[in-house]
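Quick one: the structure is below, and I'll ask about it shortly.
The values are calculated or read from the model by the stated rules, or taken from the named source; none is laboratory data. No experiment lies behind these values; they were computed from the predicted model shown. Cβ coordinates were reconstructed from backbone atoms using ideal geometry, including for glycine residues, and neighbour counts include every protein chain displayed. Protein only, heavy atoms only, side chains kept; ligands, DNA and RNA dropped before computing areas. Shrake-Rupley method; radii C 1.70, N 1.55, O 1.52, S 1.80 Å.
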Amino acid sequence: MTQTIEELIPDYIRGLPVYVPGRPIEEVERELKIHAVKLASNENPLGPSPKAVEAAKMALANANRYPDGGTHLLREALAARAGVSPEEIFVGLGSSEIIDLASRVLLRAGLEGMTSHGSYAPFSVAIRASGAELVLVPQKHFAFDLKAMALAITPKTRVIYLANPNNPTGTAFSAEEFSAFLARVPDGVLVVLDEAYIHYAASLNLRSSPEAYRKRGNVLILRTFSKVYGLAGMRIGYAVGRPELLSAMTRLKTPFNTSGTAQAGALAALDDREHVERCISTNALERARLSAGLTKLGLRPVPSETNFIFMEVGPEAKEICDELLQLGVIVRPLGWMGFSEAIRVSVGTAEENEKCLAAMAQILTERAGKGELTAR
């Protein structure tokens with residue numbers, strides 16, 4: 001009997017989960033007819049650098065032309081900052097494309113890819129989409145258990161995905177812990193280190209991972225312009241890795257994978273250090289204020305090294321998120337990321353954070369009055 005197209009789709013593709021984005025603020029405001037604040041997607045509330053906006057506008061005038069497919073100017077600028085050659089820089093469609101390409105290059109049926117429970121969902125999707133077996137190692141205190149992950153490596157392991165700091169828990173491991181982990185990883189296993197939030201992490205050294213990369217050939221460092229640079233809507237990120245690996249990824253990537261406006265915006269954003277420093281300092285101040293406010297309400301936020309706060313609130317987590325939504329505050333329930341009793345709140349502006357705290361206080365008070373609140 002002839003199979004249908006649907007039946008020809010492999011089971012490992014058919015069973016993949018669909019990425020769940022945070023609800024767009026326009027959709028919520030249109031549906032509920034209220035003013036809303038979006039604290040669900042870890043976006044930079046201060047927006048992009050004015051220099052990046054101006055550069056993108058200028059590049060838009062040439063939108064009739066294809067962009068530089070080799071992203072030469074941006075790769076040269078990034079290479080100079082990382083202390084590597086341009087051949088060791090890969091520019092992609094955010095970090096997401098690079099996460100996928102690493103698995104496509106190195107994994108196949110019969111091999112294993114590893115990450116942690118409670119980490120960035122596309123890691124697991126990339127491994128499963130390659131046809132390889134997904135190995136998930138439990139976290140320890142909402143953080144990567146690097147010792148347990150090292151013990152879980154087998155002869156079939158080819159790729160290990162780490163996020164430092166981790167999304168969605170906000171925790172981070174030190175350069176010393178990472179170095180000890182790398183010492184236990186065979187040369188034939190690629191360690192993909194996603195550092196999307198590293199600029200916000202006061203405890204981490206921006207230069208430590210490039211140093212680790214120079215010592216070992218099996219590290220691929222990912223960074224993005226979506227967070228501290230405020231260019232999430234332009235979808236552009238990059239990797240630092242061995243030229244041979246990046247060459248293989250280039251063979252698989254979509255031609256012209258990053259737009260000319262994104263490249264121009266990213267290049268200008270790199271040079272606006274004042275804006276970056278303002279974003280970092282503002283986030284640190286507001287993160288501390290938001291965390292203190294949530295703690296005062298009786299909640300227990302996990303200490304964060306990012307621009308968001310993770311906390312367990314009990315079995316009613318999804319309902320609390322829905323109630324916050326009705327009050328115009330969009331946050332993220334985390335059941336789809338393996339934490340059915342937790343929520344994630346992005347750090348916004350002072351005004352946005354104040355609205356979040358007021359809405360949360362109202363909900364907790366009402367729930368306590370009805371006896372619906374689970375002990376936290």
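Working only within the stretch 269-301, note down all residues that are open to solvent by 20 Å² or more (accessible area, probe 1.4 Å), in contact with a strand residue (DSSP E or B) (Cβ under 9 Å, 6 or more places away or on another chain), touching a residue at least 60 places away in the same chain (Cβ under 8 Å) and under 21 Å from residue 41 (Cβ atoms).
Within the stretch 269-301, 287 is the sole residue that qualifies.
Still on this structure, I have one more. Being out of contact with any strand residue (DSSP E or B) (no Cβ under 9 Å at 6 or more places or on another chain), touching a residue at least 24 places away in the same chain (Cβ under 8 Å) and at negative phi is the filter here; which residues of the stretch 129-149 pass it?
129
Scanning the stretch 202-216 for residues that are under 13 Å from residue 179 (Cα atoms) and small (Gly, Ala, Ser), which turns out surrounded by the fewest Cβ atoms within 10 Å (Cβ to Cβ)?
208
Go through the stretch 183-196 residue by residue and tally those that are open to solvent by 10 Å² or more (accessible area, probe 1.4 Å) and over 21 Å from the mean Cα position of the chain (by Cα).
So the count comes out to 5.
I'm checking my understanding of the structure. Among residues of the stretch 224-247 that are closer than 20 Å to residue 24 by Cα and part of a helix (DSSP H, G or I), which one is least open to solvent (accessible area, probe 1.4 Å)?
Ranking the candidates gives 232 first.
If you go through the stretch 92-108 one residue at a time, do you hit one that is in a loop (DSSP other than H, G, I, E, B), surrounded by fewer than 14 Cβ atoms within 10 Å (Cβ to Cβ) and modelled with pLDDT of 95 or more?
Within the stretch 92-108, one or more residues are in a loop (DSSP other than H, G, I, E, B), surrounded by fewer than 14 Cβ atoms within 10 Å (Cβ to Cβ) and modelled with pLDDT of 95 or more.
Right, here's the next one. Can you name the condition, by its number, that residue 65 falls short on among (1) open to solvent by 100 Å² or more (accessible area, probe 1.4 Å); (2) modelled with pLDDT of 95 or more; (3) in a helix (DSSP H, G or I)?
Result: residue 65 passes all but (3).
So, in the stretch 109-123, exactly how many residues are open to solvent by 10 Å² or more (accessible area, probe 1.4 Å), within 19 Å of the chain's Cα centre (by Cα) and of a type in the set (A, V, I, L, M)?
Total satisfying the criteria: 1.
Considering each residue of the stretch 81-140, count those that are within 18 Å of residue 245 (Cα to Cα) and basic (Lys, Arg), and give that number.
Total meeting the criteria: 2.
As an exercise: evaluate residue 73 against (1) under 20 Å from residue 270 (Cα atoms); (2) under 23 Å from the mean Cα position of the chain (by Cα); (3) open to solvent by 70 Å² or more (accessible area, probe 1.4 Å) and give the number of the one condition it does not meet.
Of (1) under 20 Å from residue 270 (Cα atoms); (2) under 23 Å from the mean Cα position of the chain (by Cα); (3) open to solvent by 70 Å² or more (accessible area, probe 1.4 Å), only one is false for residue 73: (2).
Just checking, how many residues over the stretch 10-33 are under 19 Å from residue 124 (Cβ atoms) and either charged (D, E, K, R) or open to solvent by 70 Å² or more (accessible area, probe 1.4 Å) (or both)?
Count: 7.
Can residue 126 be described as under 23 Å from residue 209 (Cα atoms), surrounded by fewer than 17 Cβ atoms within 10 Å (Cβ to Cβ) and free of Cβ contacts under 8 Å to residues at least 40 places away in the same chain?
So residue 126 does not fit the description; no.
Quick one: in the stretch 333-358, which of the residues that are open to solvent by 20 Å² or more (accessible area, probe 1.4 Å) and in a loop (DSSP other than H, G, I, E, B) is farthest from residue 36 (Cα to Cα)?
338
Another one. Within the stretch 195-215, track down each residue that is farther than 22 Å from residue 100 by Cα and assigned to a loop (DSSP other than H, G, I, E, B).
201, 202, 203, 204, 205, 206, 207
Considering each residue of the stretch 312-332, count those that are within 14 Å of residue 39 (Cα to Cα), out of contact with any helix residue (DSSP H, G or I) (no Cβ under 9 Å at 6 or more places or on another chain) and either open to solvent by 30 Å² or more (accessible area, probe 1.4 Å) or part of a strand (DSSP E or B) (or both), and give that number.
Going through the stretch 312-332 one residue at a time, the tally reaches 1.
Let me ask something else. Taking the condition of being out of contact with any strand residue (DSSP E or B) (no Cβ under 9 Å at 6 or more places or on another chain) and within 18 Å of residue 190 (Cβ to Cβ), how many residues in the stretch 80-99 meet it?
So the count comes out to 1.
Something else: Hey, can you tell me all the residues within the stretch 151-194 that are part of a helix (DSSP H, G or I), touching a helix residue (DSSP H, G or I) at 6+ places or on another chain (Cβ under 8 Å) and not small (Gly, Ala, Ser)?
Selection gives 177, 178, 181, 182.
Restricting to the stretch 248-268, count the residues that are open to solvent by 50 Å² or more (accessible area, probe 1.4 Å), touching a residue at least 60 places away in the same chain (Cβ under 8 Å), over 19 Å from residue 224 (Cβ atoms) and assigned to a helix (DSSP H, G or I).
Residues flagged as open to solvent by 50 Å² or more (accessible area, probe 1.4 Å), touching a residue at least 60 places away in the same chain (Cβ under 8 Å), over 19 Å from residue 224 (Cβ atoms) and assigned to a helix (DSSP H, G or I) within the stretch 248-268 amount to 1.
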